[in-house]
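A short write-up of the structure that comes next.
The values are calculated or read from the model by the stated rules, or taken from the named source; none is laboratory data. Only a predicted model underlies this, so the values are computations on that prediction, with no experimental measurement involved. All Cβ positions, even for glycine, are placed from backbone atoms using ideal geometry, and neighbour counts span all protein chains on display.
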């Protein structure tokens, strides 16, 4: 089956004629790409706006699909109760080949495979197919066309970088045809012409392209300054554009929710201070000209682009969002948030916080994984910082020292990089907190790094978080709390700020408030590398409230996390002991002493200097399992 161009179906070398019905062809294509079996009601909604007998029409269409794809003894249309799927496991489907490659990372593929995939594109996805009065299908079709067009462009860009100039020209020309305002396509052509000594052609192209950009209201200056641009001219930061979220059910009371939510996401991402965020007016102008997310990302030359949609009525809202890498066309993350519209403002506030926290976490993960694969000597400040994060969250002494090295390298390259100061402060905090290094000097170094971060960017929530942690080590509780509160005031979706407020309050504040903070941090970042801490602080708070049995589950889950360190196992040991499960409690003592042989109550209370009520409870638990 071929869908990258006009829909075609063949068995062996023999083409199978397709029926004239657009519904049949649309249904065939939709089922071919569906990631899971679809219900009949979903398919009816997809293809018919208001039919007299939708299920009857669906049965007729399915009968036609069966004649197209079923062979003697091989039924590829699979029905199971109310669901329908298409089993194409023994078939070649060009769109699925490209989708799988995009999921693996187009930039990671061998050149030969990239060539083969690029050759599959004979036109737009399902070229020529349109479906009047089927808005759901048309929305799906538009999204798929954008998706595969972005994949095609990503393949052409990769090939243009990797093959010899004569072959590269054909890929660059196709790339420019598909994305005429993608600055990198023009830069690639100018660079290829310069390498071949074709200066006159380069100048002529630059002149024509300048007129093209100016006619569209775009700035051609970066093209003229291409030779002067360098990584050293301006420190690199990750960049992102958030497109207006398309509104469905426009006639509802919540019309306009999509653009408003997109604006809110832009504002919240900017408050994180870790990414360069394109202003709302710029992305809105591109959106109003009908430019899709993928093309907008390329025109704006950003690393990531966010797009999605909002469906709302008076009782429910569904927000679908996806984050894509601009250059590889890979969807990094996608999620749909569904909630009752009890209070529109509170619901949108919560959804917006979750979206921003997820975007920040996913980008951080992508950048960490990319940086760890690069030679250390080739890292710029941004990459060195993320290489440091990769080591930092392993919670191993040797990795902590490696993380410190990479943060210091990032700051040598860019002394204004506030996030790198926060990371450096974290490594010194860990040196003291874990007992890996002499405590007092590490506390001072953590404080100094956080202070330098505040000088670099006083509005970065991460440096207030780092300062709060340094003040925790100094036992300056009120100042610690003030810094952590400031971090979440600056960015309400900053999960680590909420987590550390929970941590502080589980030790010396209100355990009830600490539980609320811990729950919020987990809702914002459910896969956080510090999830073990979010679970453990909840357990400690429940212990302080005398709810030992309930605390056990949270403590055990915390200790089960792969990067949990000895203090977390000690929390589980004391909690289980207080609940009367001494046998299991002793296994967690053994776990703590596996990496810290002499671990005992003194180390535990130095790390968690509880108020008297909490200290008495944990002393009792430690004594019951011989950890005193």
*Of all the helices (runs of 4 or more DSSP H) wholly in the stretch 249-332, which have at least 3 residues that are under 20 Å from the mean Cα position of the chain (by Cα)?*
257-272, 293-300
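Could you tell me whether any residue of the stretch 610-619 is under 37 Å from the mean Cα position of the chain (by Cα), touching a residue at least 24 places away in the same chain (Cβ under 8 Å) and either outside any helix (DSSP H, G or I) or not assigned by TED's automatic domain parsing to the domain that holds residue 354 (or both)?
yes
Which count do you get for residues in the stretch 354-384 that are over 19 Å from the mean Cα position of the chain (by Cα) and assigned to a helix (DSSP H, G or I)?
Of the residues in the stretch 354-384, the ones over 19 Å from the mean Cα position of the chain (by Cα) are 374-381, 384.
With assigned to a helix (DSSP H, G or I) added as a condition, the list becomes 376-378, 381, 384.
Residues meeting the conditions: 5.
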*Can you spot a residue in the stretch 398-420 that is surrounded by 24 or more Cβ atoms within 10 Å (Cβ to Cβ), within 20 Å of residue 273 (Cα to Cα), free of Cβ contacts under 8 Å to residues at least 24 places away in the same chain and outside the structural domain of residue 267 (by TED's automatic domain parsing)?*
yes
_Test for residue 402: is it over 25 Å from residue 542 (Cβ atoms), assigned to a helix (DSSP H, G or I) and touching a helix residue (DSSP H, G or I) at 6+ places or on another chain (Cβ under 6 Å)_ = yes
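Would you mind listing the helices (runs of 4 or more DSSP H) fully within the stretch 31-105 where at least 1 residues are within 21 Å of residue 334 (Cβ to Cβ) and touching a helix residue (DSSP H, G or I) at 6+ places or on another chain (Cβ under 6 Å)?
Working: elements: 40-47, 54-69, 94-104.
Ranges flagged: 40-47, 94-104.
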_Can you tell me which residue is surrounded by the fewest Cβ atoms within 10 Å (Cβ to Cβ) among those in the stretch 336-348 that are touching a helix residue (DSSP H, G or I) at 6+ places or on another chain (Cβ under 7 Å) and either over 20 Å from residue 267 (Cβ atoms) or outside the structural domain of residue 304 (by TED's automatic domain parsing) (or both)?_
339
*Of the numbered conditions (1) surrounded by 14 or more Cβ atoms within 10 Å (Cβ to Cβ); (2) modelled with pLDDT under 90; (3) under 22 Å from the mean Cα position of the chain (by Cα), residue 131 satisfies every one except a single condition; which is it?*
(3)
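To keep it simple, each residue is scored yes or no on (1) under 22 Å from residue 146 (Cβ atoms); (2) out of contact with any strand residue (DSSP E or B) (no Cβ under 6 Å at 6 or more places or on another chain); (3) outside the structural domain of residue 143 (by TED's automatic domain parsing).
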site	(1), (2), (3)
1	yes, yes, yes
21	no, yes, no
28	yes, yes, no
39	no, no, no
47	yes, yes, no
81	no, yes, no
*Any helices (runs of 4 or more DSSP H) falling wholly within the stretch 134-202 and containing at least 1 residues that are touching a strand residue (DSSP E or B) at 6+ places or on another chain (Cβ under 9 Å), surrounded by fewer than 19 Cβ atoms within 10 Å (Cβ to Cβ) and in contact (Cβ under 8 Å) with a residue 60 or more places away in the chain*: 135-162
_Selection status of residue 351, closer than 26 Å to residue 271 by Cβ, assigned to a helix (DSSP H, G or I) and either assigned by TED's automatic domain parsing to the domain that holds residue 160 or in contact (Cβ under 8 Å) with a residue 60 or more places away in the chain (or both)_ = yes
*Residue by residue through the stretch 237-265, note down the ones that are at pLDDT below 70 and touching a helix residue (DSSP H, G or I) at 6+ places or on another chain (Cβ under 8 Å).*
254
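Of all residues in the stretch 12-30 being assigned to a loop (DSSP other than H, G, I, E, B) and in contact with a helix residue (DSSP H, G or I) (Cβ under 8 Å, 6 or more places away or on another chain), which is farthest from residue 126 (Cα to Cα)?
Applying the first criterion (assigned to a loop (DSSP other than H, G, I, E, B)) to the stretch 12-30 yields 12-13, 16-21.
Now narrow it down to the ones that are in contact with a helix residue (DSSP H, G or I) (Cβ under 8 Å, 6 or more places away or on another chain): 16, 18-19, 21.
Numbers: 16: 16, 18: 13, 19: 15, 21: 14 Å.
Once the filter is applied, the top-ranked residue is 16.
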*Only residues that are free of Cβ contacts under 8 Å to residues at least 60 places away in the same chain and surrounded by 15 or more Cβ atoms within 10 Å (Cβ to Cβ): list them for the stretch 445-459, please.*
445, 446, 447, 448, 449, 450, 451, 452, 453, 454, 456
*Out of (1) over 30 Å from residue 355 (Cβ atoms); (2) outside any helix (DSSP H, G or I), the odd one out for residue 529 is which?*
(1)
*Search the stretch 33-52 for residues that are modelled with pLDDT of 90 or more and pair each with any residue that is assigned to a strand (DSSP E or B) when their beta-carbon atoms are under 6 Å apart and the residues are at least 6 apart or on different chains.*
37/83; 37/85; 38/84; 39/83
_Conditions (1) surrounded by 18 or more Cβ atoms within 10 Å (Cβ to Cβ); (2) outside any helix (DSSP H, G or I); (3) under 26 Å from the mean Cα position of the chain (by Cα); number of the one not met by residue 394_ = (1)
